[in-house]
Amino acid sequence: MSSKPTIIDCDPGTDDAIALWLALGAPELDLRLVTVAGGNVGLAGTTANARAVVGLSGRKVPVVAGAERSLLAPFRAETAVHGEDGLGGVVLPEGPPLTPGTAADAIRAELRAAAPRSVTVIGLGPATNLALAFTTEPALVDRVTELVLMTGAWSEGNITPAAEFNAWNDPEALHILLNLGLKPVLATLDLTAQAFVTPDLVARLSQAAGGACWKAALDILRALPSSKRFGHRGFPLHDPCAVAWAIDSDLFGSRDAFCQVELAPGPSRGRTVIDRWERLGQPPNIRLMETLDAAAFFALLEERISRLP
Ligand code: BDR
Ligand code: CA
């Protein structure tokens with residue numbers, strides 16, 4: 001089996017950490033570069049977490065720091081979900097140092113060295129680093145085989161009533177990604193709600209043996225607070241859905257759609273207006289993940305992460 005050359009841009013973040021381990025444990029993906037922005041916590045925290053997560057896997061994947069603010073404003077953190085440290089208080093051994101440079105440069109260098117339509121790019125945080133990379137060298141779009149993003153919602157948001165956290169933190173950057181002509185694949189909140197983690201599920205997953213990465217992933221799942229949005233029955237596991245698509249898109253039902261992100265200041269800023277039914281008569285600019293085979297998704301998560309050291 002050939003593995004897909006892959007870049008992940010992220011802001012770890014509890015679910016980013018699990019998504020990174022899923023990618024690192026998947027022979028389907030050849031993770032070449034991890035770039036990091038601020039987001040869930042400040043950049044110092046997200047980079048330390050990315051280094052630790054990659055380090056625990058024993059894999060030598062460069063981790064490069066990027067944006068500490070969005071294109072137009074500071075990031076707003078989400079410590080109520082991810083804790084002050086971004087990993088829900090789960091302490092990992094310190095990882096290897098950052099690779100020098102900045103995220104957008106590293107993304108461009110990786111793409112420049114790649115064959116046409118060969119690289120899978122996965123965005124798990126605010127879109128700032130990816131937008132900077134592509135706006136400064138738009139020709140590199142042709143090196144990308146697929147752009148997969150955890151962002152947006154077709155119904156309500158999670159950081160405001162209208163907006164999802166990643167989209168809200170840098171709507172201008174997301175607007176750029178939506179208009180590159182790459183037809184990104186979106187895992188929205190409506191999709192990630194189907195990757196729902198309950199205490200029963202965590203108890204079941206805890207029975208699987210695994211190494212330090214799997215144990216840390218379980219510790220993170222135990223540390224995450226249940227969500228008010230879901231009556232405190234559990235919480236949705238967002239970012240691993242985007243990585244799971246890159247591993248096996250057959251786990252998902254999907255359709256083409258048109259997506260526009262609201263940029264005006266005010267209560268709708270960051271909202272992704274997603275037209276699933278061609279009401280606006282616009283040509284589709286995204287592939288939208290709509291349904292998830294949750295049992296197969298959690299089986300994949302367990303199998304791929306538990307095989308890591
Ligand atoms: C997204 O926001 C972050 O808090 C998560 O890591 C995920 O990427 C969900 O809205
Ligand atoms: Ca994230």
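Picking from residues in segment 68-88 that are open to solvent by less than 50 Å² (accessible area, probe 1.4 Å) and either among the aliphatic types (A, V, I, L, M) or under 21 Å from CYS213 (Cβ atoms) (or both), the one that is modelled with the lowest pLDDT is HIS82.
The single residue among ALA26, ALA37 that is within 11 Å of ligand 2 (Cβ to nearest atom) and either closer than 20 Å to SER118 by Cα or out of contact with any Phe, Trp or Tyr (no Cβ under 6 Å at 6 or more places or on another chain) (or both) turns out to be ALA37.
Scanning segment 146-169 turns up no residue that is in a helix (DSSP H, G or I), surrounded by 15 or more Cβ atoms within 10 Å (Cβ to Cβ), within 14 Å of ligand 1 (Cβ to nearest atom) and of a type in the set (Ser, Thr, Tyr).
Of all the criteria given as (1) free of Cβ contacts under 8 Å to residues at least 40 places away in the same chain; (2) out of contact with any helix residue (DSSP H, G or I) (no Cβ under 8 Å at 6 or more places or on another chain); (3) open to solvent by 50 Å² or more (accessible area, probe 1.4 Å), the one not satisfied by ARG229 is (1).
Residue count for segment 1-13 under the criterion of being in a loop (DSSP other than H, G, I, E, B), closer than 21 Å to ALA106 by Cα and more than 13 Å from ligand 2 (Cβ to nearest atom): the result is 1.
Scanning segment 154-179 for residues that are of a type in the set (Gly, Ala, Ser), under 12 Å from SER268 (Cβ atoms) and within 16 Å of ligand 2 (Cβ to nearest atom) yields GLY157, ALA163, ALA167. Applying the condition of being in a loop (DSSP other than H, G, I, E, B) and more than 14 Å from ligand 1 (Cβ to nearest atom) to segment 14-41 and asking which residue is most open to solvent (accessible area, probe 1.4 Å) yields PRO27.
Beta carbons closer than 9 Å, at least 6 apart along the sequence or on distinct chains, pair a first residue in segment 70-81 that is closer than 18 Å to HIS175 by Cβ with a second that is away from ligand 2 (no atom under 15 Å from the Cβ) and open to solvent by 40 Å² or more (accessible area, probe 1.4 Å) for LEU71/LEU132; LEU71/ILE176; PHE75/GLU68; PHE75/ARG69.
The values are calculated or read from the model by the stated rules, or taken from the named source; none is laboratory data. Nothing here was measured: the structure is a model prediction, and the numbers come from that model. Because the Cβ atoms are built from the backbone with ideal geometry, glycine has one as well, and the counts that use them run over all protein chains shown. Heads up: the accessible areas ignore ligands, DNA and RNA and are worked out on the full protein's heavy atoms, side chains in. Shrake-Rupley method; radii C 1.70, N 1.55, O 1.52, S 1.80 Å.
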